[in-house]
């Protein structure tokens, strides 16, 4: 039981670290304007996932943390990660990372463009290579949010099935 829970927690913390890292990367690459709220929320959920994982790992050693405390924390974290993944997916609007032309929907998407500004009817966004890189990063971030959500659900199920009476 301890080994299965440890593996599940490791997967949970790994996916949460990836979500946090990709979200911070997107935020740091923001060139113009404010970081989109979806990116900030994704970074928050990645950090929350790490906290939930650490508390879950500690709960394997401290009996008083097992049960309801970890269930609630994992449940809230899972819901937050699911909401972040859905928000990111909706904001991406099914973009095609292979089509980063300046007249396509990918070019001025706030999550991908790194921000845009207009000067005398000319719209300036990041260069084409950065847009492609940010697009792939944003899609990976959304995918890892859903994977981290599934990891939270897996941890919840394992924790519930192996609970001590």
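Values quoted throughout were computed directly from the atomic coordinates according to the rules given, and no laboratory measurement underlies them. Computed from a predicted structure; not experimentally measured. Quick reminder, even Gly has a Cβ in these numbers, built from the backbone with ideal geometry, and neighbours come from all protein chains shown.
Modelled label positions at residue 28 and residue 98, each set 7 Å beyond Cα in the direction of Cβ, lie 3.0 nm from each other.
For region 2-161, the relative contact order comes to 34 percent (Cα pairs under 8 Å, sequence separation of at least 6).
The ratio of the alpha-carbon radius of gyration of region 2-161 to the globular-protein estimate 2.2 N^0.38 Å is 1.19.
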